[in-house]
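Quick notes on the structure that follows.
Nothing in this text is a laboratory measurement; each read-out follows from the coordinates by a stated rule. What you are looking at is a predicted structure, and each value in this text was computed from that prediction instead of being measured. As a convention, Cβ positions derive from the backbone with ideal geometry for all residues, glycine included, and neighbour counts pool all protein chains shown.
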Amino acid sequence: MISQQEWISQMEEITGSNGWISHREWRDEVIAQHDLKKPFAPENGEALKFKAGDAVIYTNSNDVTFRRRVTGLYCPDFRCSLYALGARYLIDSDSPWVPVSEYSLRLLDEDSTNASGGAYADK
């Protein structure tokens with residue numbers, strides 16, 4: 001399975017390296033490539049790794065980690081570039097409507113502790 005970062009790099013090469021394109025053209029190309037290659041679960045035949053209620057560690061784009069819970073699956077009923085880039089999960093964050101990718105999550109053993117030494121606690 002291709003990582004989300006690798007997929008985004010490929011999409012940037014396809015859509016942005018040789019000149020300006022509109023956001024709409026970028027979105028359409030990212031979605032078209034996703035539909036063609038199906039790089040992420042569940043379209044690629046692999047099962048999703050997380051389910052609602054799972055305790056996870058979320059790592060953001062700045063490599064900062066947060067203990068969170070998966071609150072649901074992101075299943076838009078419209079063509080969406082976020083979904084095409086691998087966003088599948090909703091988490092209990094300050095922006096619970098913004099989906100995150102499987103690539104940015106890892107399962108948290110609720111009996112374990114994180115780097116700060118605290119066990120997972122619900123909000």
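Peptides 23-30, 102-109 ranked from most to least packed by the mean count of surrounding Cβ atoms within 10 Å: 102-109, 23-30. Under 5 Å from the amide H of L73 lie the amide H atoms of L90, each residue being 5 or more positions distant or on a separate chain, with H modelled from the backbone and absent for Pro and chain starts. A straight chain from S3 to C75 at 0.36 nm per residue would run longer than the Cα-Cα distance by 24.0 nm. In a fully extended conformation the segment linking E43 and W97 would gain 17.2 nm over its present Cα-Cα distance, using 0.36 nm per residue. For V56, nonlocal amide neighbours, meaning residues 5 or more places apart or on other chains whose placed amide H falls under 5 Å from its own, are R68, R69, V70, L108.
Quote to one decimal, in nm, the extra length available between L82 and R24 on full extension: 0.36 nm per residue of separation minus the C-alpha distance between them.
Between L82 and R24, full extension yields an extra 19.6 nm.
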